[in-house]
Amino acid sequence: MSQGVRTRPEGNGQALSKAYDTALLDLDGVVYAGGNAIAHAVDSLATAREGGMRLAYVTNNALRTPDTVAEHLTELGIPTGADDVITSAQAVARLISEQVPAGSRVLVIGGEGLRVALRERGLEPVESADDDPVAVVQGFGGPDLPWGRFAEASYAVARGVPWFASNTDLTIPSGRGIAPGNGAAVEVVRIATGAEPQVAGKPLPPMHRETILRTGAKRPLVVGDRLDTDIEGAFNGEVDSLLVLTGVTDGAQLLAAPPQHRPTYVDADLRGMLTGQPEVTEAGEGFRCGGWSAKAGEERLELDGDGEALDGLRALCAAAWTAAGDGVCELDGGKALARLGL
């Protein structure tokens, strides 16, 4: 992927599952939500896998172990082994292991996924700031994580113990809506201590490195629903990305995306892996995709035509991103998106 400023979604005449050797798939909001498979995910992933594409599941959620995630995916009808799952817990455990001696004690604020990842790296998880840890690691602990765990982290960090976080996603999708994520918990400790953690998860380089080390991908395609983690992570790793609209990102956020948040491809759901992507072309003062044309007016984005809603969104992206350049598009796209039902 070119690191120049992206001004439009790209076209691709090949099915994406043929153009790339490995799909690096986010989980929450892409494959499942609230534990249940998202529509079309199971069949689409099966078809991609049968066609020779490797599927790897890359999640910032550090709560569950790779074994547990693989078991859940298999129960959903997506046969998965633990080696196919890469978590931010694994990425942060490697980051810590590179900075402290083998066998060191690490204070864990989070769930079993962190403890398993630390042991994999030869580190000893402990539960108290009084256990003489040489590092503190914080990861998503789920809705039942006791408030006192944040105090325990704060005691150690205030003493000068190095602080690490698996990720800083402020929110996480659930079956009932959007819930606070690990980033919200990290803010609690940051407020109490004034310290800054080293962060491993998407969109930062340690997570991309962990993913490539574990998958050996040569032509990876990042597939995600979040601009600030999945798509920015692909940008930082200089690889292509597919944004699916089954999670937290809506059309307005996509149109206002700065360069590091602009995906290579945009589609409704994981069926987009199985198809080529339509080309967005210049047309007069604007851009055309399918039966739609879009351009930047003085105050708003303008849309004309008819056809598939996603083609209209792609044309609007080209108009918005071109108008914004290396900034953020501030033109009103509400009327155009409403016409598309987005």
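How about the range 220-267: which of its residues are assigned to a strand (DSSP E or B) and among the small types (Gly, Ala, Ser)?
If we filter the range 220-267 for residues that are assigned to a strand (DSSP E or B), which is where we start, we get 220-224, 240-244, 265-267.
Scanning the range 220-267 gives 224, 241.
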Picked from the range 125-163 (must be of a type in the set (Gly, Ala, Ser) and surrounded by fewer than 18 Cβ atoms within 10 Å (Cβ to Cβ)), the residue modelled with the lowest pLDDT is 142
Which residue is modelled with the lowest pLDDT, if the candidates are limited to the range 176-200 and must be under 18 Å from the mean Cα position of the chain (by Cα) and assigned to a loop (DSSP other than H, G, I, E, B)? 181
Picking from 308, 285, 299, which residue would you name as being farther than 15 Å from residue 10 by Cβ, surrounded by fewer than 18 Cβ atoms within 10 Å (Cβ to Cβ), free of Cβ contacts under 8 Å to residues at least 12 places away in the same chain and not assigned by TED's automatic domain parsing to the domain that holds residue 24? 285
Among (1) among the hydrophobic types (A, V, I, L, M, F, W, C); (2) under 23 Å from residue 210 (Cα atoms); (3) assigned to a helix (DSSP H, G or I); (4) touching a Ser or Thr at 6+ places or on another chain (Cβ under 9 Å), the one test that residue 95 misses: (4)
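Counting just the residues of the range 101-115 that are assigned to a loop (DSSP other than H, G, I, E, B) and within 23 Å of the chain's Cα centre (by Cα), which one comes out surrounded by the most Cβ atoms within 10 Å (Cβ to Cβ)? Explain how you work it out, then say what you get.
The first filter runs over the range 101-115 and keeps only residues assigned to a loop (DSSP other than H, G, I, E, B), leaving 101-104, 110-111.
Those still in the list that are within 23 Å of the chain's Cα centre (by Cα) too: 110-111.
Details: 110: 26, 111: 21.
Per the criteria, the residue is 110.
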Any residue at all in the range 32-41 that is more than 22 Å from residue 168 (Cβ to Cβ), polar (S, T, N, Q), outside the structural domain of residue 182 (by TED's automatic domain parsing) and not in a loop (DSSP other than H, G, I, E, B)? yes
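The values are calculated or read from the model by the stated rules, or taken from the named source; none is laboratory data. This structure is a prediction, so every number in the text was calculated from the model and none was measured. In this analysis, Cβ positions are derived from the backbone assuming ideal geometry, glycine residues included, and neighbour counts consider all displayed protein chains.
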